[in-house]
Amino acid sequence: MKKEMSSFDVRSVVTELSVLEGAHMDKIFHWGAGNVLFRLNIQGEGKKELFFKDKKWLYSPDVKPETPTMPTSFASFLRKYIDNARVGKVEQVGFDRVVDMELFKADGTYHLIFEMFGGGNVLLVKDGIIQNCLIQKTWRDRATRPGEQYIPPKSRFDPTVSTEEDFIASFRSSDADCVRTLATSVNLGGQYAEEICRRIEIDKNTKASDVGDDVVSQMYTAMRGIVEKVLDVPEPTAYIMDGRIEDFAPIEMVSHDDMESKRYETMSKLIHAYMEQISDEEEEAYVDPEIEKLNRRISKQEETLDEYNVQCDELRRKAEALYTDYQNANDLLNVLMEQSSKLTWDKLRAGAMKIPFVKDIDPSKNMVTGVFAGETVILDYTKGIDANASDIYQKGKDVGEKAKRAKEALEESRAELAKKQKGIDKAKAMAAGKAQPTKQFWFERYKWFISSGGKLIIAGKDAHSNDNIVKKHLKDGDLYAHADVHGAPSVVIKDGTKADNDELRQGCQFALAQSKAWIAALSEGSAFWVYPDQVSKTPNPGEFVPRGAFIIRGKRNYEYHLPIELVVGEVYYQGSRKVMCGPADCFKDCDRYFVIRPGRGKGGRKSSEMAKRFQVPEEEISRILPPGDVEIVREVWPSDNEAENGE
């Protein structure tokens, strides 16, 4: 499997990240051994993430990974210095696995450096000095620690800008074979060194010194073909074996013609798919430490119990053997008991060992070992057969008690394991079914909906956002809407001058529904719309305009008998699935929605119920609902059969 990104992978991703130029840094998260996530706001497109995973994979994920609630000291430092910084150029440093993101702040220009070699690192650099870094390390020729001058890795051969003469000189400087020379001297790495050898059909083990000039020229041509493909028309491709991605590249690889291939839209989407595969495999192979500890304990307890059971059976057989071969056992004990008082230990031993079924005798301990009914039994010859049998039975009983206690302990451990495993299985099931958030857009910091004609309409959530929505987003060509209710939000209808009457009425209805009229559970009301130049923060003489409020001068264009009713439904915006709350006329093509009205103190918020149906986080629903209680008055949802048949 692929262990790290190649320089060509990095170049392909960097090309895709050009869309971040002009974006603003929003939030930074850091967790684990080396996961750093940067959330950026792109004007007109919403939020986009840049993920540096495990200090070696840099890409823009389709779905935002779960992030910690509390920032680490590293994340807090970055937030302090580059929060809201504007992104400039995002470039690969030479042809190394290093990416430089330029960031502009009022106090100067910063550089966010991603290093994907030597264990990986993220560094914040200003004026050539490292401000902070994820990993502090000292190399032979450079140090990565705060306060040190940032020294980039020593530049190597760059195949993206090299001439044929440069290529030949680097190739001829090596005395290794072709594949090693291409991988190291020409800085292509093993994957692309193999690819070039396959493309020109040369044995990769051929000595570089044995390769003719015409073949070296063919190598250069093959290399330029790869470079041009990566730079101009990349084809991110995964190479699959047995259903698993084994390798990937930004081009089609001849060296992988024995594998199944799958094309991806972008390199980031491909890396994201590969990361999900790795995550699934790691999760499948992961064993909880507590589970592992319990399994070890249970295994040892099972071994102990088996040993006790074997001992019990063995002692029972020995005791029974004495009575099965009663005559020999009894005679032996009587003879030894009698002779032990007359003979020396040596003579007693010599005499006893002449008996065929005697295996050993220890006069110092009064013990004799014999074979009776096929069982080897140790007896005390100062006791009779019944006393010896009783001693053996008692030992078996003692071992049996130990076995009983061992079995009880084993059952307790198994019960503990089952309980622990059940909890883990439940957590996995919940994680597997956990709703994933939809793509976020910049306007979701406000209340919003898309009109029946495709116009974006946004409304403030509080006094602060009411001010922002007018100051930042009310432009020429837009319209302003407001309800005749105290504390109603400011509403901006983007491109409102091009909106039809239905869309203007929708904007007014939204302004009313998102006001305190919903809390008051009114059934209808009125609202108006005006042009931007009619909206002012300048009060009349002797008046005061509070925060979030505005003065409207001139004619107000009213819409009357607006129903205080909204719809929560599933829509698609710029190709992304969203759950939207707006007037009913905006959902004519929607087949999954809820019609809601004020709850009148009995409906509750209903966000949890709707979130489960739409399979999104509850927070995504609660933030779009109007203020106050919500009552679901009608639900439109395809049946299971219709959903399966696509009807």
Q) Of the residues that make up segment 34-45, is at least one over 21 Å from L103 (Cα atoms) and either under 14 Å from the mean Cα position of the chain (by Cα) or surrounded by 14 or more Cβ atoms within 10 Å (Cβ to Cβ) (or both)? A) yes
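Which of the residues belonging to segment 433-464 are without any contact (Cβ under 8 Å) to a residue 60 or more places away in the chain and outside any strand (DSSP E or B)? First the steps, then the outcome.
Taking segment 433-464 as the starting set, the residues that turn out to be without any contact (Cβ under 8 Å) to a residue 60 or more places away in the chain are 433-434, 445-446, 453-456, 458-459, 461.
Selection gives G433, K434, R445, Y446, G453, G454, K455, K461.
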Q. Of these, D175, D213, D203, which one is modelled with pLDDT under 90 and at negative phi?
A. D175
**Q.** Odd one out for S279 among (1) polar (S, T, N, Q); (2) touching a residue at least 12 places away in the same chain (Cβ under 8 Å); (3) part of a helix (DSSP H, G or I)
**A.** (2)
Q: Specify which of the listed residues (G370, G396) is part of a helix (DSSP H, G or I) and of a type in the set (G, A, S).
A: G396
Q.
If I filter segment 290-310 for residues that are loosely packed, with under 14 Cβ neighbours inside 10 Å and touching a Gly at 6+ places or on another chain (Cβ under 9 Å), do I get at least one hit?
A. no
Q. Can I28 be described as under 24 Å from S279 (Cα atoms) and open to solvent by less than 30 Å² (accessible area, probe 1.4 Å)?
A. yes
Q) If D232 passes every condition in (1) without any contact (Cβ under 8 Å) to a residue 12 or more places away in the chain; (2) crowded, with 17+ Cβ neighbours inside 10 Å but one, which one does it miss? A) (2)
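I'd like to know if segment 1-21 contains one or more residues that are open to solvent by less than 60 Å² (accessible area, probe 1.4 Å), touching a residue at least 40 places away in the same chain (Cβ under 8 Å), at negative phi and assigned to a strand (DSSP E or B).
no
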Q.
Suppose we filter segment 164-184 for residues that are among the hydroxyl-bearing types (S, T, Y), closer than 13 Å to Y220 by Cβ and open to solvent by 30 Å² or more (accessible area, probe 1.4 Å); how many remain?
A. 0
Q) In segment 533-548, what count of residues is obtained for those that are open to solvent by less than 30 Å² (accessible area, probe 1.4 Å) and either within 30 Å of D591 (Cα to Cα) or touching a residue at least 40 places away in the same chain (Cβ under 8 Å) (or both)? A) 3
Q) How about segment 226-238: which of its residues are in contact with a Lys or Arg (Cβ under 8 Å, 6 or more places away or on another chain) and either within 14 Å of R198 (Cβ to Cβ) or among the charged types (D, E, K, R) (or both)? A) E235
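Residues to consider are E201, E194; find the one that is of a type in the set (D, E), open to solvent by 10 Å² or more (accessible area, probe 1.4 Å) and part of a helix (DSSP H, G or I).
Details: E201 fails: part of a helix (DSSP H, G or I).
The unique qualifying residue is E194.
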Q. For segment 207-227, does any single residue satisfy the condition of being within 34 Å of the chain's Cα centre (by Cα), among the aliphatic types (A, V, I, L, M) and surrounded by 17 or more Cβ atoms within 10 Å (Cβ to Cβ)?
A. yes
Q. How many residues does segment 519-529 contain that are assigned to a helix (DSSP H, G or I) and touching a helix residue (DSSP H, G or I) at 6+ places or on another chain (Cβ under 8 Å)?
A. 0
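Quickly run through segment 497-518 and pick out the residues that are out of contact with any His (no Cβ under 8 Å at 6 or more places or on another chain), surrounded by 16 or more Cβ atoms within 10 Å (Cβ to Cβ) and in a helix (DSSP H, G or I).
Taking segment 497-518 and keeping what is out of contact with any His (no Cβ under 8 Å at 6 or more places or on another chain), we get 497-510, 512-515, 517-518.
Those still in the list that are surrounded by 16 or more Cβ atoms within 10 Å (Cβ to Cβ) too: 499, 503-510, 512-515, 517-518.
Matches in segment 497-518: E503, L504, R505, Q506, G507, C508, Q509, F510, L512, A513, A517, W518.
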Q: Go through I385, I378 for me and flag whichever is without any contact (Cβ under 8 Å) to a residue 24 or more places away in the chain, under 19 Å from Q327 (Cα atoms) and of a type in the set (A, V, I, L, M, F, W, C).
A: I378
Q: Collect the residues in segment 554-569 that are more than 30 Å from C590 (Cα to Cα) and surrounded by fewer than 13 Cβ atoms within 10 Å (Cβ to Cβ), keeping them in residue-number order.
A: G554, K555
Q) Taking segment 133-158 as the region of interest, how many residues are within 23 Å of N35 (Cβ to Cβ), polar (S, T, N, Q) and either in a loop (DSSP other than H, G, I, E, B) or open to solvent by 80 Å² or more (accessible area, probe 1.4 Å) (or both)? A) 1
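Per-residue answers, yes or no, for (1) part of a helix (DSSP H, G or I); (2) open to solvent by less than 60 Å² (accessible area, probe 1.4 Å); (3) in contact (Cβ under 8 Å) with a residue 60 or more places away in the chain:
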site	(1), (2), (3)
L322	yes, yes, yes
A329	yes, yes, no
N334	yes, no, no
K342	no, no, no
L348	yes, yes, no
G351	yes, yes, no
I355	no, yes, no
D360	no, no, no
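Can you confirm whether A389 is assigned to a helix (DSSP H, G or I) and surrounded by fewer than 16 Cβ atoms within 10 Å (Cβ to Cβ)?
On the way: assigned to a helix (DSSP H, G or I): yes; surrounded by fewer than 16 Cβ atoms within 10 Å (Cβ to Cβ): no.
No, not satisfied.
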Q. Quick check: anything in segment 475-496 surrounded by 13 or more Cβ atoms within 10 Å (Cβ to Cβ), among the charged types (D, E, K, R) and assigned to a helix (DSSP H, G or I)?
A. no
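The values are calculated or read from the model by the stated rules, or taken from the named source; none is laboratory data. Computed from a predicted model, the values in this text were never measured in an experiment. Ideal geometry is used to build each Cβ from the backbone, glycine not excepted, and the neighbour counts take in all protein chains shown. SASA here: full protein model, heavy atoms, side chains in, ligands and nucleic acids out. Shrake-Rupley method; radii C 1.70, N 1.55, O 1.52, S 1.80 Å.
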